[in-house]
Amino acid sequence: MRGGLTDAEQPARVVVIDGPAGAGKSTIARTLAQRLGLTMLDTGAIYRTLALVASRVGVSWDDAAGLATLCRGLPIRFETLADGAQRVLLGDEDVSEAIRTPQISAGASVVSAHTAVREELLAVQRALGAQGCVAEGRDMGTVVFPDATHKFFVTASPQVRATRRRDERLARGDRDVPSVDDVRRAIEERDMRDSTRQASPLAQADDAVRVDTSNMAPDAVVDHLLTLIEAAPEG
Ligand code: DC
């Protein structure tokens, strides 16, 4: 019993992690979710899947109304594997790899800038996180889960973020990986678009704790966040 409510009556625990590309959000959110026994909600994967579907069916990434229609009934699901990794399913198709290409990264940034798209996907994200989650994205603390139990804004220097993104691609066996400087330019372009758009730009919520991960290993970041969460379990 907490605050006069039984455990069953407590609002679900939602931890949000916002921040720019390559800050380490996904790794941190995945590990944190495992440690807290919550599911992870990778909202970037939803925008990526929309960009993939649009390119397959021939809807332009600039066509806000067409994209909004595609959002309705987008058959996206997440499946968590035993090791904590997550698969993104479109119907029965595993699109986890297909949504990680540079082309779809750029497309996700373009489709996510449309207000109509964000409005359609708001309810989808809230429904997916309704039972409690560690949600990562750009506007989790500001728009999607403004009443989250804990809010974090995770960032790192552009050079560190570019190096991490490049290493991720090398680890995936990508043979055509550009230089760190080129990856950095692409990341900065995407950050600029994500932060300056009208609709729910990338922004730190007033009540979020900012964590610079430039000089921290992912495990150290997770330990740090867990310490903060345990120090104030009700948020
Ligand atoms: O986190 P990511 O790299 O998978 O996100 C892909 C794109 O989706 C990114 O350019 C910004 C956008 N995005 C967003 O606008 N809002 C979110 N909550 C998550 C991602």
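The values are calculated or read from the model by the stated rules, or taken from the named source; none is laboratory data. All figures in this text were calculated on a predicted structure; none of them were measured in a lab. FYI the Cβ positions are ideal-geometry reconstructions off the backbone, even for glycines, and counts take in every protein chain you see. Keep in mind that these areas ignore ligands, DNA and RNA; they rest on the heavy atoms of the full protein, side chains included. Shrake-Rupley method; radii C 1.70, N 1.55, O 1.52, S 1.80 Å.
Can you confirm whether Val14 is open to solvent by 10 Å² or more (accessible area, probe 1.4 Å), closer than 16 Å to Val111 by Cα and over 9 Å from the mean Cα position of the chain (by Cα)? Spelling it out, it is not the case that Val14 is open to solvent by 10 Å² or more (accessible area, probe 1.4 Å), closer than 16 Å to Val111 by Cα and over 9 Å from the mean Cα position of the chain (by Cα). Scanning segment 100-116 for residues that are within 10 Å of the ligand (Cβ to nearest atom) and assigned to a helix (DSSP H, G or I) yields Arg100, Ile104, Ser105, Ala106, Gly107, Ala108, Ser109, Val110, Val111. Looking at segment 210-225, can you tell me whether even one residue there is touching a Lys or Arg at 6+ places or on another chain (Cβ under 6 Å) and open to solvent by less than 60 Å² (accessible area, probe 1.4 Å)? No; the residues of segment 210-225 include none that is touching a Lys or Arg at 6+ places or on another chain (Cβ under 6 Å) and open to solvent by less than 60 Å² (accessible area, probe 1.4 Å). In this entry, Arg175 is excluded by the filter for residues that are open to solvent by less than 80 Å² (accessible area, probe 1.4 Å) and either more than 19 Å from Ile99 (Cβ to Cβ) or free of Cβ contacts under 8 Å to residues at least 40 places away in the same chain (or both).
Only one residue in Arg185, Arg87, Arg72 is touching a residue at least 12 places away in the same chain (Cβ under 8 Å), away from the ligand (no atom under 11 Å from the Cβ) and surrounded by fewer than 20 Cβ atoms within 10 Å (Cβ to Cβ). Which one?
Step by step, each of Arg185, Arg87, Arg72 is checked, and only Arg72 is touching a residue at least 12 places away in the same chain (Cβ under 8 Å), away from the ligand (no atom under 11 Å from the Cβ) and surrounded by fewer than 20 Cβ atoms within 10 Å (Cβ to Cβ).
Of all the residues in segment 33-79, those that are of a type outside the set (S, T, N, Q), within 20 Å of Asp92 (Cα to Cα) and assigned to a helix (DSSP H, G or I) number 14. Of all residues in segment 39-64, those that are over 28 Å from Ala130 (Cβ atoms) and either more than 14 Å from the ligand (Cβ to nearest atom) or crowded, with 22+ Cβ neighbours inside 10 Å (or both) total 8. The residue that is nearest to Ser112 (Cα to Cα), counting only those in segment 166-194 that are assigned to a helix (DSSP H, G or I) and among the hydrophobic types (A, V, I, L, M, F, W, C), is Met192. Looking at (1) open to solvent by less than 20 Å² (accessible area, probe 1.4 Å); (2) touching a strand residue (DSSP E or B) at 6+ places or on another chain (Cβ under 7 Å); (3) more than 28 Å from Asn215 (Cα to Cα); (4) of a type in the set (A, V, I, L, M), which is the only condition Leu128 fails? So the condition that Leu128 fails would be (1). Of the set (1) open to solvent by less than 60 Å² (accessible area, probe 1.4 Å); (2) assigned to a loop (DSSP other than H, G, I, E, B), all apply to Asp147 but (1). Looking at the structure I just gave you, is Val143 free of Cβ contacts under 8 Å to residues at least 60 places away in the same chain and not acidic (Asp, Glu)? Here the answer is yes, as Val143 does meet what is asked.
When Ala33, Ala21 are checked against the criterion of being touching a residue at least 60 places away in the same chain (Cβ under 8 Å), under 18 Å from the mean Cα position of the chain (by Cα), more than 13 Å from the ligand (Cβ to nearest atom) and buried (at least 21 other Cβ atoms within 10 Å of the Cβ), a single residue qualifies: Ala33.
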